[in-house]
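Data block below; observations after.
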Amino acid sequence: MSSPTAHLLEAIAFAAAKHRDQRRKDPEASPYINHPITLAHLLATTGGVDDVVVLQAAILHDTIEDTQTVYAELLDRFGKEVADVVAEVTDDKSLPKEQRKELQVTHAPHASRQAALVKLADKICNLRDIAASPPRGWPLERQRDYFDWAKRVVDRLPPVSEPLSAAFEAAYAARP
C-alpha cells in the first residue's frame, strides 16, 4: 500500500472500525465516523490540504481519545508522523474536563502546523454541528460556552490557513 489514496482509505477503514459503535450527540445520533470524514473533507476542500499525514491524522484524530486505540497501534499502522499528530491533538482523559479544556488553550500556540490544521478543522466542524443540530441536553448557555472556548483555542493556534480561518470565523458568527 504505497499510494496516498490507499493510505487515506486505510485510515478511514481503521477509524470506522474503531468508532463503529459510537454515535454523535446530535438529536439524530448520527454515526461518529461522519465527524472525522467531514474534518478530512474540510481540510482537503476548503483548506486545500493535500498532505496525506494531515488528512490521515484528521481521520484518526479521536481514536486515542475516544476508543481503545493506543499510540503504539497508530505508530505501527500509520507511522510516526501520523501517530505524533494524533497524539498532539489528543486530550488526556485522565484529567478533569475543565483542565483538559484549559490545556487546549495553553498548548494551542505551540501546535505543529499539521496539528494546528487538524485542531482548526475540528473546531470548525464542531461549531457547525452545534449550530445546525445542538447536542441532546445542551442548553443554550452550554452551546455558547463551547463556541467561546473554541474561539479561545483557535485564536491561539499558529496561523496555518487563511481559508480555514475564514471558515472558522463564519462558523463562529453562527453562535447561538
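Would it be correct to say that Glu28 is assigned to a loop (DSSP other than H, G, I, E, B) and under 30 Å from Arg142 (Cβ atoms)?
Criteria met by Glu28.
Just name the residue that is least open to solvent (accessible area, probe 1.4 Å) out of those in segment 13-43 that are more than 14 Å from the chain's Cα centre (by Cα) and hydrophobic (A, V, I, L, M, F, W, C).
Among residues in segment 13-43 that are more than 14 Å from the chain's Cα centre (by Cα) and hydrophobic (A, V, I, L, M, F, W, C), the one least open to solvent (accessible area, probe 1.4 Å) is Phe14.
Identify, by number, the condition in (1) on the phi > 0 side of the Ramachandran plot; (2) in a helix (DSSP H, G or I) that Ile37 doesn't meet.
Looking at each condition in turn, Ile37 falls short on (1).
Looking at segment 1-20, I want the residues that are assigned to a loop (DSSP other than H, G, I, E, B) and have a partner that is open to solvent by 40 Å² or more (accessible area, probe 1.4 Å) and among the charged types (D, E, K, R) with Cβ atoms under 7 Å, at least 6 apart or on another chain. Which pairs are those?
Pairs that qualify, where the first residue is assigned to a loop (DSSP other than H, G, I, E, B) and the partner is open to solvent by 40 Å² or more (accessible area, probe 1.4 Å) and among the charged types (D, E, K, R), are Met1/Glu10.
The values are calculated or read from the model by the stated rules, or taken from the named source; none is laboratory data. Being a predicted model, the structure only gives us computed values, none of them experimental. Here Cβ is always computed from backbone atoms with ideal geometry, including for glycine, and neighbour counts include all displayed protein chains. For accessibility, only protein heavy atoms count, side chains too; no ligands or nucleic acids. Shrake-Rupley method; radii C 1.70, N 1.55, O 1.52, S 1.80 Å.
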